[in-house]
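Comments concern the structure below.
Nothing in this text is a laboratory measurement; each read-out follows from the coordinates by a stated rule. This structure is a prediction, so every number in the text was calculated from the model and none was measured. Heads up, the Cβs are rebuilt from the backbone with ideal geometry, glycines too, and the neighbour counts pull from every protein chain shown.
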Amino acid sequence: MNKDYYNILGVDKGASKEDIKKAFYKLAHKYHPDKKGGNEAKFKQVNEAYQVLSDDGKRSKYDQFGSGFENMGTGHGGSTQGGFEGFDFSGFSGRNGQAYGGADFDFGNLNDIFSDFFGGGMRARAEARRGRDISTEVQISFSDSIFGTNRKILITKTSNCPACNGSGAKPGFKMETCKHCNGQGKIREQKRTIFGTIANTKICEVCLGTGEVPGEICDKCRGKGVFRREEEVSIIIPSGIRDGEMVRMTGFGEAISRGTAGDLYIKINVAPHPVFKREGNNLVMNLNLKLSDALLGTKYPIQTLDGEIEVTIPEGVTINEILRVRGKGVPVSKNKRGDLLIKLNIKLPGKLSRQSRELIEELKKEGI
Ligand SMILES: [Zn+2]
Ligand SMILES: [Zn+2]
């Protein structure tokens, strides 16, 4: 994908560094995501464009090769944060800002915005590494949705290494203090920014902020503590779950080296039932009665989700009348369930035999 960084910043190909800086401030201010009417995507684009065009080396490569130059293997390793890597606003203060007098914008405000944005982001990144959340879907029967069930599913994801339990250390070897950061988990470094050289603290890339490294690395995961594999996950699907509801399993998402695993979200799809429908905590079904049964009353065997029961149809029921069987619906709590509602439909005979016709003629005389 070739991006026109000059166009993004709204400057000419021959723009001076000063003009590029000014254009960047204006647009960064405008699109800042914490601002009303801000636009995070545009903000990132603008930032990315600025990082390239403000750097003489990068700019000349960009002019030659286009925006793909960074992917050409020229040692720009480890940039996982889109455009933010290698450029840090988190440390500068208003005082630094005033020292820089080149642009006519509301500097105090911009300073707040940037320190909120970058500062917050950096802190969050240093404190907790967390794996990605993942989601999947599971299809269950109607009956399982009412009473709940357990399911085992296979998911291919980055999981903790079973050999070292995620530590990355070869079994039998302890974790040792990280020499790169002296066990601090953080590294202080001087960084050159547009506001001058500032001290910056960043997470140690060797121990990833934990301050410890394996004494000898685990062979199975090569010291990462995690690797991609197929893992069986047991899901507990609670009773009364509805079609489309999510079950969340904390810590069953993607694992990450020296961090907390994300969560696993399982969307539950409930297959429809040929007889029962769910209405709130009640189950609803239709029952076709013969005309004579509707008039005289009878007992009907009914196959419920709990097994067969016998319902008594009182005499003289009318069409669409509803019979309520208490406690045969959806479990609400341990000792409470909704009801089964049986909607009665009276099936009238299609063609009458001669004998039936005669009998009904008799009924007619009775005024029925
Ligand atoms: Zn391992
Ligand atoms: Zn370290």
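Note on Thr250 and Lys277: the extension gain reaches 6.6 nm, defined as 0.36 nm multiplied by sequence separation minus the Cα-Cα distance. The local environment of Ser159, defined by Cβ-Cβ distances under 9 Å, has a net charge of 0 under the rule Lys, Arg +1 and Asp, Glu -1.
Its Cα gyration tensor gives segment 200-345 an equivalent ellipsoid. The semi-axes, each the square root of 5 times an eigenvalue, are 59, 13, 11 Å from largest down. Taking a ≥ b ≥ c as the square roots of the eigenvalues of the Cα gyration tensor, an a/c ratio of 1.5 or more together with a/b no larger than b/c marks segment 1-41 as oblate.
Spatially, segment 11-41 and segment 325-368 are offset by 74 Å when compared through their Cα centroids.
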